[in-house]
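J.: I'd like to ask you about the structure that follows.
Just so you know, all these numbers are worked out from the coordinates, no wet-lab data involved. For clarity, every value in this text was computed on a predicted model and none was experimentally measured. Cβ placement follows ideal geometry from the backbone for every residue including glycine, while neighbour counts extend to all protein chains displayed.
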């Protein structure tokens, strides 16, 4: 493994490219995610954002290019190895167990540290040792009052908060959040936005997000993708004023947000 020299960045890519039978979904992407920041990856539909996430977490193999995490070349590693390094991802769709309680969902995520994840014959009481940590995580995301509720009965926005709690249970150094506010009403968007800001303390977050209010409100750095390539990068003020970005987003809510600012 090779180690890069820039300690400011927790995740970097060089020439990251993914081709599908001649179609270039991600094209020579240079991504530099600064340690301790909230970094947003945005772009019109079909820009390559989710494909980029899939490359970073090795759900897809890159056609070309390299990925470094904490200075180590992880391009050849498998998804499980990358997760063990501290790169943990949430998904657009709900990824919780609907018929278990909220507390049980977090305990399952915490089991990894016990080494009993697949000991299904063990008594459920063997997991009680995890209750205190599970409740602490639920408190961190504002779900302590929901601990005994069956997950399927929770409001949608609270389920997304639960997903963040289960992600935190894996002790990520870098959290990848894929559309964390998708499908939410205004109140839930505001709550999850503040939650992401809160849990970003002492960790780095890379998120794909369509809601420009969220992007503008909590992102330190924004990378704009269009047709698989990086179109612009910077803070919200500079990116939203970029003529190429406005053109790429023409007819979407982003244009209105850019004009408003």
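J.: Taking the chain as the reference, fit the longest principal axis to its C-alpha atoms, fit the long axis of helix 186-199 to the helix C-alpha atoms, and give the angle between the two in degrees, 0 to 90, nearest 10.
T.: 80
J.: So what's the projected area for the range 198-246, the Cα convex hull averaged over all directions, in nm²? Provide the component values of the computation, followed by the final result.
T.: Values: hull surface 15.2 nm².
With every direction weighted equally, the projected area is 3.8 nm².
J.: Which residues in the range 199-227 have a backbone N closer than 16 Å to a point placed 7 Å from the Cα of residue 246 along the Cα-to-Cβ line?
T.: What the label zone holds, given the 16 Å backbone N cut-off, is no residue at all.
J.: Looking only at 139, 167, 17, which one moves most when the chain is put into a Gaussian network model with springs between Cα atoms under 10 Å?
T.: Greatest mean-square fluctuation among the candidates belongs to 139.
J.: Now for a different question. Using Cα pairs closer than 8 Å and at least 6 residues apart in sequence, work out the relative contact order for the chain, in percent.
T.: Taking the mean separation of contacting Cα pairs over the length of the chain, I get 26 percent.
J.: With every atom except the alpha carbons ignored, what do you get for Rg and Dmax of the chain, in angstroms?
T.: 19.0, 61
J.: When the chain is modelled as a GNM with alpha-carbon springs shorter than 10 Å, which of 69, 53, 20 fluctuates the most?
T.: Most flexible of the set in this elastic network: 20.
J.: Working out 0.36 nm times the residue gap between residue 64 and residue 145, then minus their Cα-Cα distance, what length gain in nm do you get to one decimal?
T.: Values: separation 81, 0.36 × 81 = 29.16 nm, distance 4.76 nm.
Result: 24.4 nm gained on full extension.
J.: Return the percentage of antiparallel bridges among DSSP beta bridges fully within the chain, rounded to the nearest 5 %.
T.: Taking every DSSP beta bridge with both residues in the chain, the antiparallel ones total about 55 percent.
J.: Separate question: Taking only Cα atoms, what is the 0 to 90° angle, nearest 10, from helix 156-169's long axis to the longest principal axis of the chain?
T.: That helix lies at roughly 80 degrees to the long axis.
J.: So, one more: What nm distance separates the two modelled labels at residue 8 and residue 81, each placed 7 Å from Cα along Cα→Cβ?
T.: It works out to 2.9 nm between the two label points.
J.: Another question, if that's okay. Helix 131-140 against the longest principal axis of the chain: what's the angle in degrees, Cα atoms only, rounded to the nearest 10?
T.: Rounded to the nearest ten degrees, it is 40.
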